[in-house]
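To start, the structure itself, in structure tokens.
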Amino acid sequence: MVTPRATVRTLNEVPVERVSWLWPGYLPAGKLVVLDGDPSVGKSTCTTDLAARVSTGSPWPGGSVNAGPRDVLLLSAEDGLSDTIAPRLTAAGADLGRVHALLEVPRLGEDDSIRMVPPSLPQDVPTIERIITEHRVALVVVDVLMAYLNGKVDSHRDQDVRGVLHQLAAMAERTGATVLLIRHLNKAGGSNALYRGGGSIGIIGAARGAYIIGRDPEDAERRILVCSKLNIAPEPPALAYRLVSDETLGCARVEWEPVPLEGMTADNLLRAPADEDERAAQDEAAEWLRGYLSDQGGQAESNAIYRAGTGLGFSKDQLKRAKTRIRATSGKTGFRAGWSWSIDTTDDEGSPKGAKGAPSETALPSHPSPLPSQCAVCNQPLHPAIAAEGATAHPTCEVTT
């Protein structure tokens with residue numbers, strides 16, 4: 001018998017490849033990604049919205065182009081298909097013919113009888129891979145991860161979870177499918193986002209990307225999706241959404257805000273709600289920024305805003321949060337120009353707004369150069385509507401503004 005030898009590859013023999021994306025800048029294809037959040041914060045509703053976009057090829061939140069339509073595989077241990085998952089998918093506009101749910105797998109009992117049981121990890125990784133291959137699945141959602149670890153896996157033991165996730169990661173790489181693992185946040189104190197997910201730290205260590213969904217500390221009805229780890233690309237900006245009721249179907253659906261958030265980090269999202277003094281300071285920063293932009297005709301360079309604001313005692317983080325609160329937009333005013341922040345200074349009738357008027361969303365300033373056909377960051381095709389606004393990259397790819 002010949003003893004197998006260790007596998008060793010010299011790096012000059014390894015082909016260099018660009019990272020492939022399911023959702024450009026957010027969800028890498030063929031990788032493990034973790035999504036953490038407290039119960040009832042809307043994790044499942046959010047992933048349902050993402051699954052619907054995969055199934056139809058609809059644009060991603062933030063405007064980046066979706067290369068779909070493609071198929072989705074769901075492993076859901078907490079929600080019913082008929083009364084929860086199917087209505088949510090319908091409300092999100094999914095193509096239900098492209099969404100599949102793995103409910104049970106056959107298992108041979110001690111008496112040689114076959115019984116149907118819920119799937120478990122890592123035992124049923126081969127079954128999951130077969131389904132991915134048969135249906136050409138692009139996104140696998142495991143909701144929640146802990147419910148699918150078999151009884152021999154200690155979710156708090158690093159060696160155990162790494163063994164499971166190694167098999168899942170290898171499957172994802174072979175198939176090119178993004179595997180999204182959902183977890184609940186633990187009750188630990190502190191705001192370090194990397195340590196707040198349930199189970200061993202080895203879970204987030206094995207994932208290539210990780211995100212947290214939480215309630216906006218200043219608006220409990222607003223949810224924020226923010227990156228806590230992405231070690232294959234720059235961390236993308238946070239995105240905000242609200243859960244709205246679909247009266248016909250009796251369920252919730254997601255409404256994304258069109259403008260990515262600046263200054264929001266995973267650690268900030270997990271911090272305690274702002275006290276009265278902090279909230280007052282943030283209100284003051286927002287009011288100042290609105291007035292400053294209005295005095296400048298609705299637009300000013302971001303560097304000038306930082307200089308003026310910090311000179312008055314506002315921090316850069318406060319100014320970034322203020323930008324989000326007044327719904328200012330950011331964009332480049334021309335080729336190789338710097339970033340500017342803008343608000344709409346007219347009301348619905350075309351009259352100038354007062355400094356305290358509520359601004360609305362504004363498009364990016366027009367671009368004098370020919371419309372690009374590819375994103376300057378991820379090289380994916382630019383949606384015509386984005387290109388028509390003069391942007392050279394998807395809003396979600398522009399991580400430094």
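Placing dummy labels 7 Å off each Cα toward the beta-carbon, the span from Arg162 to Lys187 is 2.9 nm.
For Leu121, the residues whose amide H sits under 5 Å from its own are Leu149, Asn150, ignoring neighbours fewer than 5 places away on the same chain, with H placed 1.01 Å from N.
State the volume of the convex hull built on the alpha-carbon positions of the range 58-98, expressed per residue in Å³ and rounded to an integer.
Working: hull volume 3.6 nm³, N = 41.
Taking the convex hull of the Cα positions in the range 58-98, it is 88 Å³ per residue.
The separation of the range 1-31 from the range 33-62, counted between C-alpha centres, amounts to 27 Å.
What's the extension gain from Glu218 to Ala170 if we count 0.36 nm per residue and subtract their Cα-Cα distance? Intermediate values should be presented prior to the final figure.
Numbers: separation 48, 0.36 × 48 = 17.28 nm, distance 4.06 nm.
Using 0.36 nm per residue and subtracting the Cα-Cα distance, I get 13.2 nm.
Just to confirm a number: summing +1 for Lys and Arg and -1 for Asp and Glu over residues other than Arg215 whose beta-carbon lies under 13 angstrom from that of Arg215, what do you get?
On the way: positive: Lys43, Arg222, Arg223, Arg242, Arg271; negative: Asp38, Asp216, Glu218, Asp219, Glu221.
Residues near Arg215 contribute 0 overall.
For Gly197, the shell of other residues with beta-carbons less than 9 Å away shows a net charge of +1, using +1 for Lys and Arg and -1 for Asp and Glu. Residues in the range 149-170, backbone N under 17 Å from the label point at Glu110 (7 Å along the Cα-to-beta-carbon vector): list them, ranges by number please. Those under the cut-off are 151-152.
Each peptide in 242-254, 21-33 receives the mean, over its residues, of other Cβ atoms within 10 Å, and ordering these scores from highest gives 21-33, 242-254. Neighbours of Gly57 by Cβ distance under 11 Å: Lys/Arg scored +1, Asp/Glu scored -1, total +2. Of the residues Lys152, Lys320, Lys229, the one with the fewest other Cβ atoms within 10 Å heads the list, and the complete ranking is Lys152, Lys229, Lys320.
Extents of the range 16-270, largest first, come to 58, 41, 41 Å (Cα atoms, principal axes, whole angstrom). Packing around the peptides 301-313, 123-135, taken as the average count of other Cβ atoms within 10 Å per residue, puts them in this order, highest first: 123-135, 301-313. As a proxy for reagent exposure, ranking Asp111, Asp267 by other Cβ atoms within 10 Å from fewest up yields Asp111, Asp267.
Order 216-225, 40-49, 9-18 from most to least packed using the mean count of other Cβ atoms within 10 Å.
Numbers: 216-225: 17.3, 40-49: 22.2, 9-18: 6.0.
Averaged packing, sorted descending, gives the order 40-49, 216-225, 9-18.
Taking only alpha carbon atoms, the range 122-239 gives an Rg to Rh ratio of 0.98, where Rh is the Kirkwood radius.
Kindly state, to the nearest 0.05, the FRET efficiency for Val16 paired with Ala280, given R0 = 45 Å and r defined as their beta-carbon distance. Between Val16 and Ala280 the formula returns 0.30. Listing Glu255, Glu262 from fewest to most neighbouring C-beta atoms within 10 Å gives Glu255, Glu262.
We did not get these values from a lab; they are worked out from the coordinates using the rules stated. Not measured: the values here are computed from a predicted model. Using ideal geometry, Cβ is built from the backbone for each residue, glycine included, and neighbour counts are taken over all protein chains shown.
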